[in-house]
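To start, the structure under review is shown below, and the notes come after it.
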Amino acid sequence: PKIAHDVQLAPCVAATAISKGPAMSWRLILAVPWPSPLSKLDLLQLPACPTETHRIIQCVIDNNLKRLKQLLKENNINDIDPYTKCKDSITPLTAAVVTHNRNIFTLLLQQGADPNNASALGFTSLHHVSLYKAPLDFAEKLLEARYNPNGCNLQVYSPLQAAAINNRHYVVKVLISAGALVIAISPIDPKHVTHNEKISQMIHKLALTGDKFCSEITYFLDVSIAVQSKTPEQVFKTFDSHMLLEDPQTHLTMVRLKVFLL
């Protein structure tokens, strides 16, 4: 969707005006629990969720390739349309990810589907790889199609964070290889503290397997999480022995990063 306006209302609330054609609608994002499989992500969209699935999305679900090709001649391949299962409006490419439909997924990429297009709730196709447990090669092909490994700015969670929260460590690995940033979630909800712990655990787990980048980034991820709940004195005391380490992403030393974060 084309984002016309983005207005911050409060630390945990944002309203976004979405323009699609001549119509304009507002949606409210608020940190609250969401039903499975989105239970680990904290979003509420107003107005109400879709009550029926669009015919283009239904073609993907039914694996009706002939009908899908006909409809795409009359519709933009990157438009978002309602899908009741996701409680969201998504692109046909994302629908192929959700349904693990490899043939339609490949066809849509060949026909120029944009892997960076976000849903009405701000999820990209790569978010859905983790949310709906799609095979790893879906993530790899999205990245080959020049998917932005850091996703878009419409979501609280990056694709890497969503992958870590959903225990998709192979997806985390390919995202890191593609240049995705390993960062903590800015906590606007108590659940984000738990999610940051899961992200940290995932990166530590990969570090133990011999991943050099993860071994280096763990200290910086942990300090960025620590400053969210600890006093400056506690943070300095805990990470004192790592002061001269350099963040492989920002190239800031630990001491400079601490000053910046605190």
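Key figures
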| item | result |
| --- | --- |
| Residues within segment 181-197 that are free of Cβ contacts under 8 Å to residues at least 60 places away in the same chain and over 20 Å from Y219 (Cα atoms), tallied | 1 |
| Some residue of segment 73-86 being in a helix (DSSP H, G or I) and either without any contact (Cβ under 8 Å) to a residue 60 or more places away in the chain or more than 19 Å from R146 (Cα to Cα) (or both) | no |
| Residue selected from segment 123-143 under the condition assigned to a loop (DSSP other than H, G, I, E, B) and buried (at least 24 other Cβ atoms within 10 Å of the Cβ), by the criterion modelled with the highest pLDDT | A134 |
| Helices (runs of 4 or more DSSP H) within segment 144-262 that include 3 or more residues surrounded by 16 or more Cβ atoms within 10 Å (Cβ to Cβ) | 159-165, 169-177, 190-208, 212-226, 254-261 |
| Residue within segment 80-89 that is buried (at least 17 other Cβ atoms within 10 Å of the Cβ) and of a type in the set (G, A, S) present | yes |
| Residues satisfying the stated conditions in segment 166-214, i.e. under 14 Å from I225 (Cβ atoms) and hydrophobic (A, V, I, L, M, F, W, C) | V182, I183, A184, I185, V193, I199, M202, I203 |
| Neighbours by Cβ (under 7 Å, 6+ apart or cross-chain): first from segment 155-180, at pLDDT 95 or above and among the hydroxyl-bearing types (S, T, Y); second assigned to a helix (DSSP H, G or I) and surrounded by fewer than 23 Cβ atoms within 10 Å (Cβ to Cβ) | Y170/L136 |
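The values are calculated or read from the model by the stated rules, or taken from the named source; none is laboratory data. Just so we're clear, the structure is a prediction, and the values are computed from it rather than from any experiment. Reconstructed Cβ throughout: ideal geometry from the backbone, glycine too, with neighbour counts over all protein chains shown.
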